[in-house]
1. Which aspartates and glutamates have a Cα lying under 20 Å from the Cα of LYS72, excluding residues fewer than 8 positions away in the same chain?
2. Go ahead and estimate [θ] at 222 nm for the chain from helices alone: -39,500 (n - 2.57) per DSSP H run with n ≥ 4, summed, over the residue count, rounded to 500.
3. Report, to the nearest 10°, how far helix 157-170 tilts away from the longest principal axis of the Cα atoms in the chain, using its own Cα long axis and a range of 0 to 90°.
4. Between THR36 and residues 5 or more places away or on another chain, which pairs have amide H atoms under 5 Å apart, with H built 1.01 Å from N, and which residues are they?
5. Kirkwood hydrodynamic radius (Cα pairs, Å) of the stretch 62-169?
6. If I take every Cα pair under 8 Å that is 6 or more residues apart in the chain, average their sequence separation and divide by the length, what percent do I get for the relative contact order?
Amino acid sequence: STIPSFPINRSGVSVFLLYYPIKQNVSSPMIQAQSTTSSENFYTLASYYPSLLNNYSISQYNTNGDYISKFKQGFQATVQDTWQLLEFISIDPSNTNYITSYINGVKTYGVDYLGLPSDYSGSYNSTLFINSYNGNITFAIAACIAELVIVNRGVTENERQRIEAEMLWKWGLQSLLP
């Protein structure tokens, strides 16, 4: 799926993706936002070969005009062919403003520093790609996507936990909560 003209807040964005890979152990649906006017972008995904490979990339301009770019790959054991809640917070106020990833409510990574929310201003208009890379479905996987929530700021720990709980309880998947 593609959503045109989707604004991405430079001072923080939070993504929550609840999905189930179908007979697939390679990767999860990718969520990617690509600026329509510059090289600013982000993506997040999780892979299942041989264990969960949590990936993200984020590149954007700060208020000084500096191009800040961060990229991460890291492993977290998981069970394939099961529901997963992938979470990505670009400037996480509950983790000293670091980029933080969670799987099923458990922090899997959080040591890349993008900056303070005040280091960034405004937003960039993007094309939002769901389960593709720049619209290329070669990178798509067979998966059920139950729900995608995007909050255009870094959510607090309490907000993150409430969003997790609401999504998982709504779909009868509360057993995934830590």
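Every number here is computed from the coordinates shown, using simple stated rules; none is lab data. Here the structure is a predicted model, which is why all the values come from computation and not from measurement.
1. GLU40, GLU87, ASP92, ASP112
2. Values: 1 runs with 14 residues, N = 178.
Result for the chain, helices only: -2500 deg cm²/dmol.
3. That helix lies at roughly 40 degrees to the long axis.
4. Amide H neighbours of THR36, under 5 Å, 5+ apart: ASN125, SER126, THR127.
5. Numbers: mean 1/r = 0.0631 Å⁻¹.
Final number for the Kirkwood radius of the stretch 62-169 is 15.8 Å.
6. That works out to 34 percent.
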